[in-house]
Amino acid sequence: MIRARAMKRFGRVLLLLAAAVAASLAIGVDARAETVYNFSVSVDYTGPYAAVMDSWHGGQVAMVDWWNKTRGKELGVRVNLKTYDMRYNPSVVAQNWPSILSGDKPILHLGMGAPDLISLMKRLPEDKVPMIMGTAMVGTVWVPNGWHFSSRPTYSHEFAGLFEYLAGKLPEKRPLRIGTVSTQGVSGYVDIVNGVVKLAKMYPDRFQVVESVWVDIQPINITNEIRRIAKEKPDVILTANNTAQVIATVKALKELGMKVPVVTSSHNGLNEVAKAVPLEDLEGSYSVFAFAPYMDKGVKQAADIFNKYNTSKGTWGTTAAQNASQAILSLRTLERAISKVGAANVTGQAMYDALMAGEFPESGFLGLLPALRFSKDAPFPTGDIKVKAITVRNGKIVSLSDKWLPVPKLDKW
Amino acid sequence: MVDFLQIVLNGVLTGLVYGIVAMSFVVIYRASRIVNLAQGEVLLVGAYFLWTAIFGLHLPLVLGLVVALAACMGFGMILERTIFRPLIGQPAFSIVMASIGLMILLRGLIQVAWGAQDRQFPGILPGGALQVGEFLFNKALLIGAAATVLLVEALNWYFLHTDSGLRLAAVAEDHVTALSMGVSVPRAANIAWVLGVGLASVAAVIVLSGTILGLSVSAIGFRALPVALLGGLESVRGAPLAGVIIGVGEALASEYLDPLTNGAMSQVFPFLIMIGVLLIRPQGLFGWKIIERV
Amino acid sequence: MLPSGVYFESFDREGRYLRTKPQIACFVGLLVLLAGFPFLSNDYLLGIASMMYITMIAVFGLQITVGMAGQINLGQSAFVGIGAYVAAALSGSAGLPFWMTIPAAGLAAGSASILFGLPAVRVKGFYLALTTIAAQVIFPIVVIRLPVAWFGGPNGLAMEPAHIFGRTLGSPMEMYYLCLAVLLVLGTFAFNLQRSRVGRAFRALRDNDIVPGVLGINPFRYKILAFFGGAFFGGISGALYAYFVRYVTTDQFTLWLSVWYIGMLIVGGLHSPLGAILGTLFITGVQETIHHVGTLLLASHSGISGGIVFASTNVVLGGAIIITLIFEPYGLAHRWNLIKAAYRIWPYSHN
């Protein structure tokens, strides 16, 4: 009696199971038979980038979602973003990478910064998955035949572009006098200054590094150091590291009663600094990077895409623009790979070949990036490198120029 | 000559900031023999309370300061009650480890409670500099220096010339003996933490006034350790003095030695001093000369 | 505590770690499980396990210095870093194979530790902690300034994976076996050290500073030896780390990492190498679980800010340290021993 009931129950369960399997098979078979590709993404919610992660990842996700629904639909391809928090720690990247490779089989990795470079630089050529980053490179990873790339050149290249522009605007024909504020003991920071020193060595009639000072990462007061720079009468002071140093520099200049424009990068740019320092004190200072500023007229379409597709708490600003440009470069690379090998056959190798296959026109980048050309020599665009900058004019942050500023050729240092 | 004096002057002002952070450390030790390696994080919590009071709750400046200070002191009491009271009488080792655990815990709690993004810190002290003759005095640091001197004298008077302060000296020497003498060690620890966290908040105001508040500010706690050691862990007057010495030393090293050593000296300098103090004169300049200190 | 009916007829027999047949069987079973783990799991877990073994080796070293000999060392991460750099330098420029670079890294870190150990002879307790903090902070600043040909200067050093008999040990499984092998060797060493003459000298040193000298144990010599031992383990851990991540920079070896090592040791229990094992296991397990949960939350677009979830690892570790110190100062190892003893006496209680 009990056994009979149990048998009935068993039979019922079996039926349900069979129905579930059939249903899942049916759902699994997509009527459109689109190809799904994985991009693996490194994010960081606990380290130095935790604060901006929402806008960072939001920029990437919004761009990919838009592409999936428009161009991707036309091509029958969908991009899936597989996100991993790497805690900005190279050992976490190294620990997770093999399982990402075998599990997700990504055709591209969207990297975050130094930890990805450190652990993956040597592995990617063997694993045959290219990596595209959105942050600027440093000279230490400028090695040929790598599979790691960025939409941006090195920080030093970016600054060189602005310095070239400013040198051209000097009233008389003399080198631009540059002072640098940085920190010893952190390899990336020192590298930026070394690059600028190399620039001055290559073009001594255009640029001159008049003084380099070294301060704490979180300095309390650097008036002494700034006074040392100020003695050399610099035209600009370069502070590329973090917001705290920019603020300390600006305050020291104010204390000394001097007005020297400060040059910063994207991560410690004018918007960040303006949180603590009134914009009047920043009048005439610059932030320079190799993608278009968020308020640029040309990126309106990108901004609209972000605002339409963004589901995170992030906002459209410098960070979102940077990572949207990383995403759009990746997507255009995918498009080119599809056109070469077909929508169903894209592999990491195909993506790499697509990156190497010549110039990407500016028109494809929604105004975020200039025309880019990659080669085996360097992990960043090696054609004509161009940058854009923002500055503070009459108390407001504005684009420095509508046109892209060219970067003089800079050799490895 | 003027330049040299200006460098020295800036070093003095910066050093006094180190001094007040070191003082918050010393006060806790002086009153309860608790070593708090997490002082940088405690300072950070104080700064975040202040931020919340002024930017989160939008209180007017003075009221915000008072509320934040009260919150800090309450926080100090909670720390003492939950973490350090059970460890009274334990070897110094356990207390050091507890403060390490506190460091990690606070770092996590701050990020959970306030998030990791940098935010603007209220500009409580005025910016800019005061020009006196040839010399420029950074206004915020100057006010901070004045406050430090006042606080030093007040605390010194408390510890040396009041009954309750003198009782604390017993606790600073040995918990168990003090208990057997009828001195309330928990009460002492309470006072220690309230004072210590309060001082840390004052230090936070001086350091952060008008700049960005972020998680990395806690690094100043470790820079104040050599100062506390040089001045002597039980000496309240010693902390600012040691701060001045190290601040001036750092400034001179930055000016004259940095170009030679590629920027190394000014950052390494305080730690080299610390090692020197530990090996040569462990009680620091003004600490108690205990026979078996090390 | 042994079950009733177990007795020994010789001192040697009683002196072993694995005294009864069931204990031997359990241990062998554990070894089989560890060796067979790669076949039961995936690359993700293998990566976590390898990293955990590397950390465990460093914490073993810390247990020698701090737990056995009572010398507080907040600079273990600097030793790990020295080991990593030396391994990278030797493997790169001199082309030495891993079975030479790993011990060399350990010895190099050990020699550097003599510098740390010298102040230890003069200072103790909190002051020693400060000295080690100072040394830890100075380490990156010095390394970056050494000649670029030695240690890559500010750029750090890249590293080839380990080679054995012409095979590259690059895959997660191979790395896992390498780390496991080194861990077993060093673990045996650590457990045996505890019961050796040197280990007993360390224990005497931990309990009191002056008495050992009176008893004929040279405190100077044994303090230096304690640091050497801890640093040796740390250096080997660093070398393995270098082979794992394949690039070495000073940013990977910070004071924060040293603090985490100590945290793991405290939670696990200071007084025996078992504490190092349990502490690392527990903390790594919790950390990875929280991160896995966090990653899932992120992927589900649930709107919970990633910052809160991932920051909670700090909260958990800090809280665990403090709770351990207050309620169970002898750590998880003590709990483990109590559970074992309870299991053995059950169902009979002796009170």
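List of remarks:
- Within the range C:314-350, the set of residues being surrounded by fewer than 22 Cβ atoms within 10 Å (Cβ to Cβ) and within 14 Å of another protein chain (Cβ to nearest Cβ) comprises C:Val315, C:Val316, C:Gly319, C:Ile323, C:Ile326, C:Phe327, C:Glu328, C:Pro329, C:Tyr330.
- Answer from A:Lys122, A:Lys169 - the residue that is without any contact (Cβ under 8 Å) to a residue 24 or more places away in the chain and more than 14 Å from every other protein chain (Cβ to nearest Cβ): A:Lys169
- Among residues of the range C:101-127 that are touching a residue at least 12 places away in the same chain (Cβ under 8 Å), those with a Cβ under 9 angstrom from a residue that is among the acidic types (Asp, Glu), sequence gap 6+ or separate chain, pair up as C:Lys124/C:Asp209.
- Positions within the range A:223-241 being more than 9 Å from chain B (Cβ to nearest Cβ) and either in contact with a His (Cβ under 7 Å, 6 or more places away or on another chain) or under 18 Å from A:Thr183 (Cβ atoms) (or both), in sequence order: A:Ile226, A:Ile229, A:Ile237, A:Leu238, A:Thr239, A:Ala240, A:Asn241
- Every residue from the range C:225-250 that is at pLDDT 90 or above and among the β-branched types (Val, Ile, Thr): C:Ile236
- Scoring A:Thr264 on the criteria (1) surrounded by fewer than 22 Cβ atoms within 10 Å (Cβ to Cβ); (2) modelled with pLDDT of 90 or more; (3) within 19 Å of the chain's Cα centre (by Cα) leaves a single failure, condition (1).
Yes or no, residue by residue, for (1) within 19 Å of C:Leu297 (Cβ to Cβ); (2) out of contact with any strand residue (DSSP E or B) (no Cβ under 9 Å at 6 or more places or on another chain); (3) buried (at least 21 other Cβ atoms within 10 Å of the Cβ):
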position	(1), (2), (3)
A:Gly59	no, yes, yes
A:Thr70	no, yes, no
A:Asn96	yes, no, yes
A:Asp116	no, no, yes
A:Ser119	no, no, yes
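- Within the range C:110-133, tally of residues that are in a helix (DSSP H, G or I), out of contact with any Leu (no Cβ under 8 Å at 6 or more places or on another chain) and either at positive phi or at the interface with another protein chain (Cβ under 9 Å from one of its Cβ atoms) (or both): 3
- A single entry from C:Val259, C:Val315, C:Val309 fulfils the requirement of being more than 25 Å from C:Tyr176 (Cα to Cα) and either in contact with a Lys or Arg (Cβ under 9 Å, 6 or more places away or on another chain) or not aliphatic (A, V, I, L, M) (or both): C:Val315.
- Among helices (runs of 4 or more DSSP H) entirely within the range B:46-163, having at least 1 residues that are within 14 Å of chain C (Cβ to nearest Cβ) singles out B:61-79, B:92-114.
- Filter pass, C:Leu74 being in a loop (DSSP other than H, G, I, E, B) and within 24 Å of C:Met264 (Cβ to Cβ): yes
- Wholly within the range A:111-182, helices (runs of 4 or more DSSP H) carrying at least 2 residues that are of a type in the set (A, V, I, L, M, F, W, C): A:114-120, A:155-168
- Filtered residues of the range C:190-203 (kept if out of contact with any Gly (no Cβ under 9 Å at 6 or more places or on another chain), surrounded by fewer than 19 Cβ atoms within 10 Å (Cβ to Cβ) and over 21 Å from C:Met56 (Cα atoms)): C:Ser196, C:Arg197, C:Arg200
- Here A:Val246 fulfils each of the conditions (1) crowded, with 23+ Cβ neighbours inside 10 Å; (2) within 20 Å of B:Ala251 (Cβ to Cβ); (3) more than 7 Å from chain B (Cβ to nearest Cβ) apart from (2).
- Residue among C:Leu96, C:Leu128, C:Leu74 that alone is buried (at least 24 other Cβ atoms within 10 Å of the Cβ) and either touching an Asp or Glu at 6+ places or on another chain (Cβ under 9 Å) or at pLDDT below 85 (or both): C:Leu128
- Screening C:Tyr222, C:Tyr243 for residues that are part of a helix (DSSP H, G or I) and in contact with a strand residue (DSSP E or B) (Cβ under 6 Å, 6 or more places away or on another chain) leaves exactly one candidate, C:Tyr243.
- Here the condition is being within 14 Å of chain B (Cβ to nearest Cβ), at pLDDT below 85 and part of a loop (DSSP other than H, G, I, E, B); of C:Ile304, C:Ile308, it holds for C:Ile304 alone.
- Total residues in the range A:366-385, condition within 13 Å of A:Ala290 (Cβ to Cβ) and of a type in the set (D, E, K, R): 1
The values are calculated or read from the model by the stated rules, or taken from the named source; none is laboratory data. This is a predicted model, so every value here is computed, not measured. Here Cβ is always computed from backbone atoms with ideal geometry, including for glycine, and neighbour counts include all displayed protein chains.
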